[in-house]
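Let me begin by presenting the structure, written as structure tokens, before commenting on it.
The values are calculated or read from the model by the stated rules, or taken from the named source; none is laboratory data. Remember, predicted model here, so these are calculated numbers, not experimental data. When we count neighbours, we look across all protein chains shown, and the Cβ atoms used for this are built from the backbone with ideal geometry, even at glycine. The protein model used for the area step is the full one, side chains on, heavy atoms only, and it has no ligands, DNA or RNA in it. Shrake-Rupley method; radii C 1.70, N 1.55, O 1.52, S 1.80 Å.
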Amino acid sequence: ATPTVRALLRLAVRACPRGSASGGDAIRHGILNIMRTHGIREGHRPGIECKFIEQWHQKLHTNSAPDDIAICEGYLEFLKSGNPDDLFRIVLERAKITREDMGKMATCGFVGHTNGEQGLNVNPKHLPQLYDDMKGYLGILKHVHGGTDLKDLCEACKGQYPDAGSESMAFAIYNERDSPSVLGKIVELRSRLEPQLFKRDVLMLDVALEDQLRLVAERSDVSTMARDDLIKFMGTLLEDLKLSRRDPSLEMGMELFSRMTEGDLGGQERWSAAWCKLMLAACDRLSIVCAGVADTIAELLQTCCDRLKEAGARPGAVFTPDAKVLAAFGEETARCLSERLIAQCLRGLQPQLRRGAGLGPWELVSAGADKVIGTIVTMKALPGELPAGMAPCIAVTETLTGWEDIPAGIVAVLLPAAHAVDVLSHVAIRARNQKVLLASCDDEAILKELHGLSGTRLKLSLSPSGDVTWSAPAKDEGTVTSEAAKALAANGKLVVPKPPPPPSMILAISEFVENRKSLGGKSFHLAELTPKAGEYKIPPSATVPFGMFEEVLKDPMNDDFREELDELIEQEDWAKVRSFVVDELELPDKLEAAVLAQLTSVGAPLLADVPWQRAMKGVWASKWTDRAVSSRKQMGVSEDALMLAVLAQPLQPAAYAFVIHTRSPMTNANKEDALVEVVVGLGESLVSNSPGRALSASVGPGGAAPELHTFPSKPIGVFTPDGGTHIFRSDSNGEDLEGFAGAGLYDSITVVDCPNRPVNYASEPLIFDAKFRDDLLRKLFDLGRLVEANFNGQPQDIEGAVLKDGSLVVLQSRPQV
């Protein structure tokens, strides 16, 4: 089972009664024996009339559940006191069930004839002679329904423990269950029980032990723990979580964490700046894995709740669930997962590690304009378009994905460090292009203060260390807008160059330069590269030029398709538009033959019997992604003006992928420094801003050692499939324009899906082999200078791959923004 499925199953086990082979019969016969022994009326059998016992008897026969334990405990309290309120008080305290809720139980039977009470919402008759028998009956209910009651499960597992020591440990844990010293013992016992989890009682005990550890851990105040104690505490919680999830990615993250806390410390002194940076990567990786499971659980359960609520609202529904209970059920359940405890520890530990690494609370991605003045607006995520009257706006968001377009009118984006974006992600490039300040903060107090300033007009400034500060702007300081807003205001729309008719169906790379107006920047700049032997490689390439999609649409075989496409576009159902293009668009035989022949001629033949057509159509369909449509709308670009060329290349078998800014955009960077980022596997995880950080370093000329900013922490790498494949890259006429960076708005798609695998950084040379890492970074710096010289010294953004033999491949180079 996957970690998510295991988490769901363990939640289900927690909610299930333990049961037994004859549990139902024991419950049914037990209540009947009590009623007959004491002469209580049962159906038509005469006897003492107690409407509460009669109704409870009906429930026990038809729908006995764990809540019967609380009902029995409440009834016993009533038998002692004679006060019916004690019954309902106990049930409310222990099962969170109100009198009104009890009134809904067993409603198919008795209905009170005098006061309208029904179900179990009726005062019982005081029969103190039932006390001893009812106390024994409570034992039966607990035996059957006491799903995760620790003591009962310790007893139930007798004869099923792997050894006598484990049995003794189980009862010792129960006796010390509220002491912090029990945490390590619980982890040890759970490890011993693991081979026996196929047994029902042992599994339920294991779940109960996990719950007990979480209960004790929740009482610990991590904010007062010394930093080394916090690390040790977190290590225990991780070992416990490992037993529950059996998640390879989590285990790899723990391996790195253990190496940095209990192993060789990565060759660094504990709490030194270098050690803190390594530990930040280890903690970041763990945080992402834990958040991923919790978010998935919350989303799955909430989706089920929303469907249940919809079903309950339909006419003829069997029952209508409480909408208030379902409203946040997914999120509330996810809060009960052990992953939440890890998150609490990390909130206390990560800021200490950042300070130890010499980092402040802010991490700057884009410095923005010289003046940043706007009104603070808090939002969950960036909107597709800023509402009228809101500009200029300082957006304080909860999250970013890295793919967003920044709406015109937003002058700054501030967000929590947990959702920080890579310096070279697409949204980061757009922020710098539009001169929008983009920064993340790890200090919750600062973020809370910003939220409290919602609606306030502020002026943002950067301190020499790169921290964001703010003040009230002077009365005479005018409105400041983003570059995107300026470009839009200049003439009401963004000017997109109109390409000529396609010169041929597909162009080889040797034809790119002479047909530059028919290609996007990806293709054209690639053709401009002129590497010497042994410097670097460029992949064999061919491009389907601008206008070919429109030509295909005009083909008579697509007449009906074109009419239906227009209708879908008018309806603005963009998901249907994209699916329709991929599934229904017919490609002319001549185009298919031309693509196959041209790729073969450039030395990149497509694999036989592989449906590459869907990948190419998928690139064309990405003209209608939500973010692309929104971007065109706000920049005043018409549907017809935007065109997509398709660059086809064999996907490189990358060991590492890199992006180079030949002139570092970082605050206070040296003029000659380059900023280099490297990830394991393909570059998709880098440019798409997948969760986690890349290896990031500033590299300068001469022999100085690279300055490391972050170590890699992305849990998942993207890799070339066995046997290889091709990638069809979007190449639009709406990218890298004045005041607008359109890169990333349109999709690049591989013919065969690329496998995603967890990355084990505990043995990764990028982290622990300093010579390998520094040599690679210097090699990439030199590559950047070569490519920059190729473009007459103009700074470049370069994307590429490091192959397994160490050779370098440049996949894309464009003018730096």
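Partner lysines whose Cα lies under 19 Å from the Cα of LYS185, excluding those fewer than 8 positions away in the same chain, are identified as LYS151, LYS158, LYS232, LYS242.
Computed about the Cα centre, the dipole magnitude for the chain is approximately 1360 debye when only Lys and Arg (+1) and Asp and Glu (-1) carry charge, each at its Cβ. Note on region 304-395: dipole from Cβ charges, positive end direction compared against ALA323, CYS305, SER338; the farthest Cα belongs to SER338.
The length gained by stretching the chain between HIS61 and VAL5 to full extension, at 0.36 nm per residue less their Cα-Cα distance, is 16.9 nm.
How large is log10 of I(q)/I(0) for region 640-714 at q = 0.20, 0.21, 0.24 Å⁻¹ when the intensity is taken from the Debye formula with one equal scatterer per alpha-carbon? Log10 I(q)/I(0), no solvent term: -0.90, -0.95, -1.08.
As a ratio to 2.2 N^0.38 Å, the alpha-carbon radius of gyration for region 186-228 is 1.48.
Extension gain LYS96-LEU197, at 0.36 nm per residue separation less the Cα-Cα distance, in nm? Here the answer is 33.3 nm.
Taking label positions 7 Å along the Cα-Cβ direction at both ALA575 and GLU255, the computed distance is 3.8 nm, reported to one decimal.
Model label sites at GLU444 and ASP769, defined 7 Å from Cα along the beta-carbon direction, differ in position by 4.1 nm.
Heavy atoms of the protein chains alone define the surface here; on that basis the chain has 44 Å² accessible area per residue at 1.4 Å probe size.
Its residues counted as N, region 664-784 yields a C-alpha radius of gyration over 2.2 N^0.38 Å of 1.20. The relative contact order of the chain comes to 10 percent, based on Cα pairs under 8 Å that sit 6 or more residues apart. The portion of the accessible surface of the chain made up by carbon and sulfur, rounded to a whole percent, is 52 (1.4 Å probe; DNA, RNA and ligands excluded). Annotation: lysines with alpha-carbon distance below 28 angstrom to LYS104 (same-chain offsets under eight excluded): LYS51, LYS59, LYS80, LYS96, LYS125, LYS135, LYS142, LYS309, LYS324. Other residues within the sphere of radius under 13 Å centred on the Cβ of SER504, judged by their own Cβ, net out at -2 (K and R +1, D and E -1). FRET efficiency for the ALA669 to GLU218 pair, using the beta carbon distance and R₀ = 51 Å, is estimated at 0.70.
Using only Cα atoms, locate the centre of region 496-556 and the centre of region 220-255, then give the distance between them in Å, rounded to an integer. Between the Cα centre of region 496-556 and that of region 220-255, the gap is 52 Å.
Contact order, relative form, for region 221-359: 34 percent (alpha carbon pairs under 8 Å, 6 or more residues apart, mean separation divided by residue count). Helix 589-601 and the longest principal axis of the Cα set of the chain meet at an angle near 70°.
For region 491-535, the residues whose amide N sits under 15 Å from a probe point set 7 Å from the Cα of GLN794 along the beta carbon direction are 513, 516-517, 520-530. Normalising the average separation of contacting C-alpha pairs (under 8 angstrom, six or more residues apart) by the number of residues puts the relative contact order of region 282-330 at 41 percent.
In the chain, helical runs assigned H by DSSP with n ≥ 4 each contribute -39500 (n - 2.57); averaged across all residues and rounded to the nearest 500, the mean residue ellipticity at 222 nm is -14000 deg cm²/dmol. Bridgeable lysines around LYS371 (alpha carbons under 17 Å apart, same-chain partners fewer than 8 residues away excluded): LYS435, LYS459, LYS475, LYS486. In this simple spin-label model, placing a label point 7 Å from the Cα along the Cα-to-Cβ direction at both THR320 and ASP559 gives a separation of 5.4 nm. What the Cα atoms of the chain give is an Rg and a Dmax of 32.7, 105 Å. For region 227-294, the Stokes-Einstein estimate of translational diffusion at 10 °C and a viscosity of 1.306 mPa s comes to 130 µm²/s, using the Kirkwood hydrodynamic radius over alpha-carbon pairs. Counted by Cβ distance under 15 Å from LEU766, the other residues give a net charge of +4, where Lys and Arg count +1 and Asp and Glu count -1. Computed from the Cβ-Cβ distance with R0 of 41 Å, the FRET efficiency linking VAL513 to ALA608 stands at 0.85. Per the Debye formula on identical point scatterers at the alpha carbon atoms of region 250-289, with no solvent, log10 I(q)/I(0) at q = 0.16, 0.26 Å⁻¹ is -0.33, -0.79.
Rounded to the nearest 10 degrees, the angle from helix 51-63 to the longest Cα principal axis of the chain is 50 degrees.
With respect to the chain, whose longest principal axis is taken over its alpha-carbon atoms, helix 23-37 is tilted by about 30°.
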